[in-house]
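The values are calculated or read from the model by the stated rules, or taken from the named source; none is laboratory data. Note that this is a predicted model, so its numbers are computed, not measured. As a convention, Cβ positions derive from the backbone with ideal geometry for all residues, glycine included, and neighbour counts pool all protein chains shown. Ligands, DNA and RNA are excluded from the accessible area calculation, which covers all protein heavy atoms including side chains. Shrake-Rupley method; radii C 1.70, N 1.55, O 1.52, S 1.80 Å.
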Amino acid sequence: MNAIMDSMQGFGVSTTHYLQTHYQDAQGLFLWVSWAADLRNTFFIFFPLWFHLRSSVGIKLIWVAVIGDWLNLVFKWILFGERPYWWVHETAHYANTDRPHIEQYPMTCETGPGSPSGHAMGAAGVYYTLVTSILAIMTSKKKFLHFDRYLKAVLWTLFCGVLVCVCLSRVFIAAHFPHQVVAGVITGMIVAEAFNRTQWIYNASMKKYFYTTLFLTSFAVGFYLLLKALGVDLLWTMEKAQKWCVRPEWVHLDTTPFASLLRNMGTLFGLGLGLHSPLYTETKKSNSQLVKAGCVLSSLVLLHLFDSFKPPTHTAALFYLLSFCKSATVPLVTVSIIPYCVNGALSMQNKKGV
């Protein structure tokens, strides 16, 4: 089994070396794709955009992203996947040959295990949700029935193209092996399809949001503590990242497993708070296109400014706490506070006009 894994990972390193050697000019594109595929952009861009245009799609995006990333964390802790940028230095696979030189980049030094790829899994889940949602919306309108086949072809072609770019970018920067990104794509699509068949999330009570957040957090922490008690350190990758990353400042606390966990749990809890806020109840009946446009624009601008706030990293506990609070604030502000303010501002303007 070890020989098979070494062969697969050796092929992966060769693929990374080939891409870095022959497509060095595309480095900027690959780095941008890796940045764009981060789930942060789902929370700060796709969610506010879609929630105000069609709230059910926005809600589903959050559930797919959060549950998908939580499953990704659990899978990573179970599978103990290596990452190319440290594996190439430690393996005995190259005992009789020259060890390939692998370049590193600012986004290379992820600190968690590598399998399956979180970027590939998140991108597959999010974009699968977007494609299927757009198709469901468009095909429900009779005037688009004649273009149904062409629309499907275009959207699924774009979907495949985006995922190929994401997978290549993660392999290019030596953050993942090819089999890890393929596994990420498959599992991400499975999660998204599961939520396409799930209806209760659209009417979930605040109690369900609270207990779901509590269960997911407790399960992950309990799993970590149980294995630690059995002598298994699930944070074994931190030492490897710090040892083999060529620049210490590229090892970021926000790439650690617990940072990911608390960020996702904060987002889910914040969505529940927002959907059950009196402010949302008061404003959700408004179907004005002007209000929707104002909410979209205000959300994108405000969340962009809010994203510039980075929790201090000198104390891990404080960083995790502030990450949870920051993540909870994003959907809360998007769902309830911004629509309430936009509605209020437009109402005042209409009164003045009268």
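Could you name the aspartates and glutamates in cross-link range of Lys243, using Cα to Cα under 16 Å and dropping any fewer than eight places away on the same chain?
Correct list for Lys243: Glu82, Glu90, Glu103, Glu110.
Net charge near Thr108, counting Lys/Arg +1 and Asp/Glu -1 over other residues with Cβ under 11 Å of its Cβ?
+1
Quick check: Cα centre of the range 194-252 to Cα centre of the range 90-119, how many Å?
Using only Cα atoms, the two centres lie 23 Å from each other.
Just the accessible area per residue of the chain, please: how many Å² with a 1.4 Å probe?
Values: 17760 Å² over 354 residues.
For the chain, the per-residue accessible area is 50 Å².
For the chain, with a Gaussian network of springs between Cα atoms less than 10 Å apart, report the residue from Gly188, Gly294, Gly68 with the top mean-square fluctuation.
Ranking Gly188, Gly294, Gly68 by mean-square fluctuation puts Gly294 first.
Short version: what are the Cα gyration tensor semi-axes of the chain, square root of 5 times each eigenvalue, largest first, in whole Å?
38, 24, 19
Just want the answer: with Cβ charges of +1 for Lys and Arg and -1 for Asp and Glu, which residue in His22, Trp87, Gly344 is farthest toward the dipole's positive end in the chain?
Gly344
Give me a comma-separated list of calculated 3J(HN,Hα) values for the range 158-173, in order, Karplus coefficients 6.51, -1.76, 1.60 applied at θ = phi - 60°, integers in Hz, x for any Gly or Pro.
For the range 158-173, the Karplus curve yields 4, 4, 5, x, 4, 5, 4, 5, 4, 4, 5, 5, 5, 6, 4, 7 Hz.
Shape of the range 202-354 from its Cα gyration tensor (a ≥ b ≥ c, root eigenvalues): rounded if a/c is under 1.5, otherwise prolate when a/b > b/c, or oblate? Before the final figure, lay out the partial values.
Values: a/c = 4.10, a/b = 1.95, b/c = 2.10.
The shape class here is oblate.
If the viscosity is 1.567 mPa s and the temperature 4 °C, what translational diffusion coefficient in µm²/s does Stokes-Einstein give for the range 22-97 when Rh comes from Kirkwood over Cα pairs?
On the way: Rh = 15.7 Å.
In µm²/s, the coefficient rounds to 82.
Among the aspartates and glutamates, which have Cα under 15 Å from the Cα of Lys326 when same-chain residues fewer than 8 positions away are ignored?
Asp254, Asp307
If you split all Cα-Cα distances of the range 203-283 into 10 Å bins from zero, what percentages do you get per bin, shortest first?
The percentages, shortest bin first, are 16, 32, 26, 17, 8, 1.
Counting only Cα, what are the radius of gyration and maximum Cα-Cα distance Dmax of the range 239-306, in Å?
Answer for the range 239-306, Rg first and Dmax second: 18.9, 55 Å.
Mind listing P(r) for the range 291-354? All alpha-carbon pairs, 5 Å bins, whole percents.
3, 16, 20, 17, 14, 11, 8, 5, 3, 2, 1
Quick one: if you stick a label point 7 Å off each Cα along the C-beta vector at Glu239 and His314, how many nm between them?
Computed distance between label sites Glu239 and His314 equals 2.8 nm.
How high is the FRET efficiency between Glu90 and Thr157 when r is their beta carbon distance and R₀ equals 35 Å, given to the nearest 0.05?
Once the sixth-power term is evaluated, E becomes 0.30.
At R0 = 30 Å, how high is the FRET efficiency between Arg54 and Tyr18 if r is their beta carbon distance? Nearest 0.05 is fine.
0.10
Output the pairs from Lys60/Lys292; Lys60/Lys240; Lys141/Lys285; Lys207/Lys284 with a Cα-Cα distance over 28 Å in this structure; if there are none, say none.
Flagged as over cut-off: Lys60/Lys240.
Considering the alpha-carbon set of the range 1-145 alone, what are its Rg and its Dmax in angstrom?
19.2, 65
Counting each pair of different Cα atoms once, what's the Kirkwood radius of the range 125-179 in Å, rounded to one decimal?
Evaluated over the range 125-179, this radius sits at 12.7 Å.
Please report the orientation-averaged projected area of the range 151-238, defined via the convex hull of its C-alpha atoms, in nm².
Taking the Cα atoms of the range 151-238, their convex hull projects to 9.0 nm² on average.
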